[in-house]
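The values are calculated or read from the model by the stated rules, or taken from the named source; none is laboratory data. Here the structure is a predicted model, which is why all the values come from computation and not from measurement. Here the Cβ positions follow ideal geometry from the backbone for every residue, glycine too, while neighbour counts run over all protein chains shown. These area figures cover heavy atoms from the full protein model, side chains too; ligands, DNA and RNA do not enter into them. Shrake-Rupley method; radii C 1.70, N 1.55, O 1.52, S 1.80 Å.
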Amino acid sequence: MNIKLNLLSVLATGTILVACSSAGSKTASSDDETPQPIQLFNGSDINDWTPKIRLHEVGENYANTFRVEDGLLKVRYDNYEEFNKQYGHLAYNTPYSYYLLRIEYRFVDEQIKGGEGWAFRNSGAMLHGQDPNTMLKDQDFPISIEGQLLGGNGSDKRTTSNLCTPGTNVMILDSLYTPHCLSSTSKTYHGDEWVTADFLVLGDSLIQHILEGEVVLEYNKPQIGGGNVENYDAAQKTDGKLLDQGFIYLQSESHPIDFRKVELYDLSSYKDNEAKLNEIVQKLL
């Protein structure tokens, strides 16, 4: 794929049903203005976020997994004896539908004992996720679309901004894509360098994963379906239901990671103006 930005290349026709909160956002009032970012991570605390860690109740930040230190949102395991598949997710408390999400992250230190091989330098941004308050105690992942974040091992190729689908499917080139993960066309980011990952999310029409101004993966019609999620409330999994909004999560999968920026540009004001939407996104990127 690896194309230059062509933001509306696979927009589905028809009306998009948007159900999101735009509290705190600013939208353009003239052709020269663009939306101002909403800082989901404010640099000082995670009071606007809800943790959900497998084997623990919603809201319990087990072992201080998610913490803020030195102005960074950190995922750490120094208070664990071993990982024991205690997959963790930190949900921002406001759902969104049309937006550009920008995340700056880096992998650090060593993976905790008990972490699985595939989870080495592995995290993610969960998009259109279910309400964390609907997750069961033993549930491993939220039903969501995952923008998978991966770091290299210093030598081998390993793409990032991939797609994974816990309890979901997507459409790619008019076909339903049902395997669990799909690699992007990105380069590999080795070491502890900071990486900026953008995710353009336009309701149930289009999602693009963008690195360094390049679209490295895109798909549309995200929807509930398939497997790869365990111990969920069946009432939350209506297979075939399109996902046009949801919660954003950051992930804990056994390798320490830092986030120094998690910001969102609310694009809901432009959802019915394709030309203006394209113009605004080009400016933001």
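Summing charges over all other residues whose Cβ lies under 11 Å from the Cβ of Leu100, with Lys and Arg as +1 and Asp and Glu as -1, gives -1.
Taking one quarter of the surface of the convex hull spanned by the alpha-carbon atoms of the chain gives a direction-averaged projected area of 14.0 nm². Taking every C-alpha pair closer than 8 Å and separated by at least 6 residues, the mean separation divided by the residue count of the chain gives a relative contact order of 29 percent.
Judged by the gyration tensor of its Cα atoms, with axes a ≥ b ≥ c, the range 109-234 is oblate; a/c meets the 1.5 cut and b/c is at least as large as a/b.
Length gained on full extension, Asp131 to Glu33: 32.0 nm, using 0.36 nm per residue less the C-alpha separation. For Leu55 and Glu110, a Förster radius of 22 Å and the Cβ-Cβ distance give a FRET efficiency of 0.45, rounded to the nearest 0.05.
Per-residue accessible area (protein heavy atoms, 1.4 Å probe) orders Asp204, Asp78 as Asp78, Asp204, starting from the largest. Against the chain, whose longest principal axis is taken from its Cα atoms, helix 274-284 shows a tilt of about 50°.
Sorting the segments 229-242, 89-102 by their mean number of nearby beta carbons within 10 angstrom, highest to lowest, gives 89-102, 229-242.
Projected over every direction and averaged, the convex hull enclosing the alpha-carbon atoms of the range 38-119 yields 6.4 nm². Probing with 1.4 Å while keeping every protein chain in the model, the per residue accessible area of the chain equals 41 Å². Rolling a 1.4 Å probe over the protein heavy atoms of the range 38-284, with every protein chain left in place, gives an accessible area that is 42 percent carbon and sulfur. Counting only Cα atoms, the size of the range 196-285 along its three principal axes is 42, 35, 21 Å, in decreasing order. Here the spin labels are modelled as points 7 Å beyond Cα on the Cα-Cβ line, and at Thr188 and Asn64 they lie 3.5 nm apart.
Length gained on full extension, Asp78 to Leu176, computed as 0.36 nm times the residue gap minus the Cα-Cα distance: 31.2 nm.
Does the range 82-160 come out rounded, prolate or oblate by the C-alpha gyration tensor, with a ≥ b ≥ c the root eigenvalues, rounded set by a/c under 1.5 and, if not, prolate when a/b is larger than b/c and oblate if not? Here the range 82-160 falls in the oblate category.
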